[in-house]
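Structure first, commentary second.
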Amino acid sequence: MPLLPGCEPMRHDGSDEIGVLISHGFTGAPQSVRPWGQYLADRGLSVSVPLLPGHGTRWEDMAVTGWQDWYAALDHELHLLRRRCRQVFVGGLSMGGALALRLAARHGDAISGIAVVNPGMTFPRLQGHALPVLRHLVRSTRGITSDIRKEGPEEIGYTRVPLHAAHSLRTFFRLTRGELPQVTQPLLVMHSRVDHVVPPSDSALILRSVSSTDVTETVLENSYHVATLDHDAERICDDSHAFITRLAARKTARDGT
């Protein structure tokens, strides 16, 4: 299937010193985080923003994918960045944030830091309990894209959520919650005060569960869920760039190179 306009992955080969892998969210596309990636690329960093399997075409294509496919795609991009760059950072929006955290839990010191925006980590209880049966009776439900406070921007994504994929997402969140104590890298969590898709309590869960000692929390006061396209997009870009450059400089000084 042809890609929806704007859903193309982004890759920028910049510095051999710093690489950044950024993931979009569930039913979304690279378009939602492209300005974030472009900001970092414009400052000389190597950046990869892949299109996750099943995304960017039609929701029926996503119905035959699951968390293993989405995670494997990011894991592959991480290995490519690690071959090119001395230090690699990971980040993501919503489900993309959860994927980034699992990468960090699994890869340890190979990842230098994590920056996430409105990371998802739980599934609505009532809907979640019904999914194992409901997904065999109903193929999809209404979409969750474009929770944006700012007038004008629109998030490109599916207008329907395939329930088989939603069930897989619920499983993935449960697995990742159990791995959060294995996250030890420096962590920047940026979350909106008001979010109609992911509750801010998910960020609180992450902050109290990880083992990281270098932790920064930024509350986004003027954005909803897709904050990377909202009023606080500039702050996300500035804060994450400052976070990355601070850590990269510290490691360079420590290594004496």
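The values are calculated or read from the model by the stated rules, or taken from the named source; none is laboratory data. Nothing here was measured: the structure is a model prediction, and the numbers come from that model. With ideal geometry, Cβ positions are generated from the backbone for all residues, glycine too; neighbour counts draw on all protein chains shown. The area values use the complete protein model at the heavy-atom level, side chains included, leaving out ligands, DNA and RNA. Shrake-Rupley method; radii C 1.70, N 1.55, O 1.52, S 1.80 Å.
Run the 1.4 Å probe and let me know the accessible area of Leu229, rounded to the nearest 10 Å².
30 Å²
Working with all protein chains in place, sort Ile206, Ile144, Ile18 by solvent-accessible area computed with a 1.4 Å probe, largest first. It would help to have the intermediate numbers written out before the result.
Details: Ile206 0, Ile144 70, Ile18 20 Å².
Reading off the accessible areas and sorting them downward yields Ile144, Ile18, Ile206.
As a check on your grasp of the helix formula, calculate [θ] at 222 nm for the chain: sum -39500 (n - 2.57) over DSSP H runs of n ≥ 4, divide by the residue count, round to the nearest 500.
Helix-only estimate at 222 nm: -12500 deg cm²/dmol.
Which shape class, rounded, prolate or oblate, goes with region 52-94 when its Cα gyration tensor gives a ≥ b ≥ c as root eigenvalues, a/c under 1.5 marks rounded, and past that a/b bigger than b/c marks prolate? Show your work: numbers first, answer last.
On the way: a/c = 3.01, a/b = 2.45, b/c = 1.23.
Since a/c reaches 1.5 and a/b is larger than b/c, the shape of region 52-94 is classed as prolate.
Calculate the length of the line joining the C-alpha centroid of region 1-32 to that of region 218-233, in whole Å.
19 Å
Relative contact order (percent) for the chain, with alpha-carbon contacts under 8 angstrom and 6 or more residues of separation?
20 percent
Send over a whole-number figure in Å² for the accessible area per residue of region 154-209, probe 1.4 Å. Write out the running numbers ahead of the final one.
Numbers: 2270 Å² over 56 residues.
Ligands and nucleic acids excluded, the figure is 41 Å² per residue.
List every residue whose amide H lies under 5 Å from the amide H of Thr218, counting only residues 5 or more places away in sequence or on a different chain, with H placed 1.01 Å from N in the peptide plane.
Val189, Met190, His191
Starting from the residue with the highest accessible area, list Trp59, Trp36 in decreasing order, probe 1.4 Å. Each step should come with its number before you reach the end.
Details: Trp59 40, Trp36 5 Å².
Final ranking, largest accessible area leading: Trp59, Trp36.
Nearest 5 percent is fine: what portion of the DSSP beta bridges confined to the chain is antiparallel?
20 percent
Let me check something: with ligands and nucleic acids excluded, how do Arg58, Arg106 order by accessible area (1.4 Å probe), largest to smallest?
Descending accessible area places them as Arg106, Arg58.
Can you compute 3J(HN,Hα) from phi for each residue in region 45-59, using the Karplus curve 6.51 cos²θ - 1.76 cosθ + 1.60 with θ = phi - 60°, rounded to whole Hz and x for Gly and Pro?
Karplus-based 3J(HN,Hα) across region 45-59 equals 7, 7, 9, 10, 10, x, 8, 6, x, x, 9, x, 10, 8, 5 Hz.
Collect residues whose amide H, placed 1.01 Å from N in the peptide plane, falls under 5 Å from the amide H of Ala115; neighbours closer than 5 in sequence don't count.
Val90, Gly91, Gly92, Leu188
For region 98-237, give the percent of accessible area contributed by carbon and sulfur heavy atoms, probe 1.4 Å, rounded to a whole number.
Numbers: 3180 of 6380 Å².
The C+S portion of the solvent-accessible surface of region 98-237 is 50 percent.
Of Met62, His167, Asn222, which is farthest along the charge dipole of the chain in the positive direction, counting Lys and Arg as +1 and Asp and Glu as -1 at C-beta?
After comparing all options, I get His167.
Decide, for region 125-257, between rounded, prolate and oblate: order the square roots of the alpha carbon gyration tensor eigenvalues as a ≥ b ≥ c, take rounded if a/c falls under 1.5, and otherwise choose prolate if a/b is larger than b/c, else oblate.
Oblate, because a/c is 1.5 or more while a/b does not exceed b/c.
Report the accessible area of Val197, computed with a 1.4 Å probe over the heavy atoms of all protein chains in place, in Å² rounded to the nearest 10.
Looks like 50 Å² after rounding.
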